[in-house]
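The values are calculated or read from the model by the stated rules, or taken from the named source; none is laboratory data. What you see is a predicted model; the values in this text were computed from it and never measured. Here Cβ is always computed from backbone atoms with ideal geometry, including for glycine, and neighbour counts include all displayed protein chains. Note: areas computed on protein heavy atoms with side chains; ligands, DNA, RNA excluded. Shrake-Rupley method; radii C 1.70, N 1.55, O 1.52, S 1.80 Å.
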Amino acid sequence: MRTLRFSLLLVLAAAVCLSLNAQRGSHDGQGRIPAQRTEGFSSRELQKFAALEPIDTHTHVFQNAPAFNAMLERLHLHIVDICVVDDHSPFQKSLDAERDADLEVVRASGGHASMCTSFDPYKFRNSGFASGAIEQINQDFERGAIAVKIWKNVGMELKHANGDYVLPDDPIFAPIYADIAEQNKTLIAHVADPDTLWQPPNPAAPDYSYYMEHPEWYMYKKPHPASKQAILQARDHILAGNPDLRVVGAHLGSMEADFGEIAQHLDKYPNFAVDLAARMPYVMKQPRDQIIAFITKYQDRLLYATDLGLSPNADPAAAVKEWERTYARDWRYFATTDTVETESHENVKGLGLPDPVLKKLYHDNAIKWFPGIL
Ligand SMILES: [Zn+2]
């Protein structure tokens, strides 16, 4: 599932590969911070973190593992467990097995997980596509799903018979969006990917190892790709055309390179929020005063999320270690003024955000944007 981290890919044998996490370890560190600061929570940190009843709104967990459930308990963590249909992944080719695994994780989590379902966009040419998708989605809502994911294969993979890429605002999807709004559920939109996937190879880019590993998503090498701008404009049409539909733009709404653009979208579309999943490297590289101002201004529209996963055959112990390390690092960055080591081994000073803002980022906004989550 994840991405730019070879080590993690190896450790988790992660099969799902849903999006990009920025890399760890591909830059040489400068002034490395002591090792213990890159490890998990201290007991004092854990106490503060857990007291927020934190929610990670973007995860992919498809294995019910006691060690993992124990971590959810220990951290007082709630997760949104997201399905996608991905024809590059044997496990995720069909939604059925994935939904079953997701529901099992939710059931075993003791109230610590909520399901985000999806639909199979590869069937878009079938007659009755939308009504079939709606029937399945509504069935998942009845089983407790709180959201529906649309994924980047819409815009970056599926094509019409004439060779044009299918975009997220294609009329074939309109009844699905209307249904999600009518059911008062939320659409998680991971459409497009970082800018670098439309650009010539750049070893210095945070996403370089991802597109080297996943040429199927390297749009720069495709003959006539949909432009990133066209895909995001299609997303914007959904926002404008469905004012009653809550849309959470995954991965900073794929506008990771320009926080001004994110701000403009949040200003323009009141039904839009963004999650931070797998884009902390982009957050952490913003000038400190500017990112504090941004988070402060949009404190009701940002959702803490990671894109972490646990695939069916992964080692739960290794995953738990990785999850806790990620939560601890992100927490230090947002909540303290300690020095934090980024994924590319640079040192940044924590933002020291005030408690009310932390509470929104880690808890309140998830409740608001995902009704039914708790
Ligand atoms: Zn994801």
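Expressed in nm to one decimal, what extension gain is obtained for the pair R44 and D195 from 0.36 nm per residue of sequence separation less their Cα-Cα distance?
50.5 nm
Less than 12 Å Cβ to Cβ from M115, Lys/Arg counted +1 and Asp/Glu -1: what total charge do the surrounding residues give?
Spelling it out: positives minus negatives among the neighbours equals -2.
According to a simple spin-label model (label point 7 Å from Cα along Cα-to-Cβ), what is the distance in nm between H88 and E135?
3.2
Based on the Cβ-Cβ distance of Q233 and R288, what FRET efficiency does E = 1/(1 + (r/R0)^6) give at R0 = 25 Å, to the nearest 0.05?
Between Q233 and R288 the formula returns 0.20.
Cα to Cα, under 16 Å, and not fewer than 8 places away if on the same chain: which aspartates and glutamates meet these conditions relative to K368?
Within reach: E53, D56, D244, D275, D300.
Could you pull out every residue, at least 5 positions away or on a different chain, whose amide H is within less than 5 Å of the one on I79? Hs are placed 1.01 Å off N in the peptide plane, and Pro or chain starts have none.
It is D56, A113, S114, by chain and number.
Distance between the C-alpha centers of region 168-193 and region 100-138? Whole Å please.
After rounding, the separation between the Cα centres reads 13 Å.
Which trypsin sites (Lys or Arg not before Pro) in region 31-132 pass both tests, a DSSP loop state and at most 12 other beta-carbon atoms within 10 Å?
Those satisfying the criteria are R125.
Among E142, E39, E256, which one shows the biggest mean-square fluctuation in a GNM of the chain, springs joining Cα atoms closer than 10 Å?
Between E142, E39, E256, it is E142 that shows the largest mean-square fluctuation.
Calculate the spin-label point distance for N347 paired with A178, positioning each point 7 Å from the Cα along the beta-carbon direction, and give it in nanometres.
5.8
Between D355 and E261, what FRET efficiency follows from the Cβ-Cβ distance if R0 is 25 Å, with the result rounded to 0.05?
Approximately 0.30, to the nearest 0.05.
Could you state, as a whole-number percent, how many of the C-alpha pairs of region 271-355 are farther apart than 23 Å?
Taking all Cα-Cα pairs of region 271-355, the fraction more than 23 Å apart is 26 percent.
Given a 1.4 angstrom probe, what's the average accessible area per residue across the chain, in square angstrom?
Result: 38 Å² per residue.
Of E53, E182, E98, which has the most accessible area and how do the rest follow, probe 1.4 Å?
Highest to lowest solvent-accessible surface, that is E182, E53, E98.
Give me the tail of P(r) for the chain as a percent: Cα-Cα pairs with distance above 40 Å.
7
Pairs K123/K159; K159/K222; K149/K321; K159/K228; K93/K149; K152/K297: which are spaced more than 21 Å apart, C-alpha to C-alpha?
The answer is K149/K321; K152/K297.
Using helices alone, what [θ] at 222 nm do you get for the chain, with -39,500 (n - 2.57) per DSSP H run of 4 or more residues, divided over all residues and rounded to the nearest 500?
Helix contribution divided over all residues of the chain: -11000 deg cm²/dmol.
State, to one decimal in nm, how far the label point of N202 lies from the label point of K297, with both points 7 Å from Cα in the Cβ direction.
Here the modelled spin labels are 2.4 nm apart.
Could you work out what % of the accessible surface of the chain is carbon and sulfur, using a 1.4 angstrom probe and leaving DNA, RNA and ligands out of the count?
52
Suppose R0 equals 22 Å; then what is the FRET efficiency for N313 and D96 from their Cβ-Cβ distance, rounded to the nearest 0.05?
With a Förster radius of 22 Å, E is 0.75.
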